[in-house]
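The values are calculated or read from the model by the stated rules, or taken from the named source; none is laboratory data. Fair warning: this is a prediction, and the values are worked out from it, not measured in the lab. Glycine also receives a Cβ, built like all others from the backbone with ideal geometry; neighbour counts cover every protein chain displayed. Accessible surface is based on the protein model in full, side chains and every heavy atom, while ligands, DNA and RNA are left aside. Shrake-Rupley method; radii C 1.70, N 1.55, O 1.52, S 1.80 Å.
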Amino acid sequence: EILENGEVVVCNYGLKLGDSTASSFGLTFQLSLNQSVVRRKLPESKALTPTPVWEYIDESPILAGPWMERTVTLLRKYGVGAVFAMQTLDQMEKTDTLKYLKNLLVGVGTVIAFNRANLAEMKLFSDLSGMKEEMERMETSSRNSIIDGNENSYSERVSKSKENVFSASDIRYADFLEVRSEEH
């Protein structure tokens, strides 16, 4: 019923109950939701999409596992979008599986990073912001002696350069809740 009505699903699995209980409940809930989604009837016409559903998962690294790959790569077809909230991407560095999932997560359509990113995230998000072309104008002038008789000379050169849309320091020192967007 939640899926058909396009409601929001919040996975708040109660960390205050302890890591084992919270993780067990959270994973059971997540796997159950994933199964419900893939059983969802899709519209017969490819031009139509199912009613959108959004899932918000707080402290997602605690529940991280193979189900996340399916959520990111497959469930969009069923009209499901997911928001994975975490304090830092460093939480995804504990095992090879989590490192793989981290790379999967930073490759999604939208990444929202709030201020005070750590050094590794600053560089990563700067690199992910894409490149923009800048025109750099350089002017030179040379002055000759009045005795020499030659006029002063001026020259101008314009060259193209590429740089990240957002620098690492732009990301690190952004105001809290500042949102940036760049059209490509």
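Quick notes
- Residues of region 94-109 classified as under 11 Å from the mean Cα position of the chain (by Cα) and either in a helix (DSSP H, G or I) or under 19 Å from C11 (Cβ atoms) (or both), total: 6
- Flag: R180 matches the condition of being surrounded by 12 or more Cβ atoms within 10 Å (Cβ to Cβ) and at pLDDT below 70.
- Being without any contact (Cβ under 8 Å) to a residue 24 or more places away in the chain, farther than 21 Å from F25 by Cβ and of a type in the set (V, I, T) is a description that does not apply to V72.
- Criterion applied to M122, M138 was being closer than 30 Å to F84 by Cα and either modelled with pLDDT of 80 or more or open to solvent by 80 Å² or more (accessible area, probe 1.4 Å) (or both), and the one residue passing it is M122.
- Put simply, of Q87, Q35 the only residue that is among the polar types (S, T, N, Q), within 26 Å of L128 (Cβ to Cβ) and open to solvent by 70 Å² or more (accessible area, probe 1.4 Å) is Q87.
- Residue ID - modelled with the lowest pLDDT, chosen from residues in region 73-84 that are aliphatic (A, V, I, L, M) and open to solvent by 30 Å² or more (accessible area, probe 1.4 Å): L74
- Filter pass, K162 being open to solvent by 60 Å² or more (accessible area, probe 1.4 Å), assigned to a strand (DSSP E or B) and more than 17 Å from Q91 (Cβ to Cβ): yes
- Of L128, L105, all but one fail to be within 21 Å of V83 (Cα to Cα) and at pLDDT 85 or above; the exception is L105.
- Region 10-29: number of residues that are free of Cβ contacts under 8 Å to residues at least 40 places away in the same chain and either surrounded by 10 or more Cβ atoms within 10 Å (Cβ to Cβ) or touching a Cys at 6+ places or on another chain (Cβ under 9 Å) (or both): 9
- Residue identified as touching a residue at least 12 places away in the same chain (Cβ under 8 Å) and more than 15 Å from the chain's Cα centre (by Cα) among P50, P43: P50
- Qualifying residue in region 102-116 (condition: farther than 29 Å from T73 by Cα and exposed (fewer than 10 other Cβ atoms within 10 Å of the Cβ)): no
- Checked against the criterion of being closer than 25 Å to G109 by Cα and at pLDDT 85 or above, region 148-162 has at least one qualifying residue.
- Residue match in region 54-61 (condition: surrounded by fewer than 16 Cβ atoms within 10 Å (Cβ to Cβ) and on the phi < 0 side of the Ramachandran plot): yes
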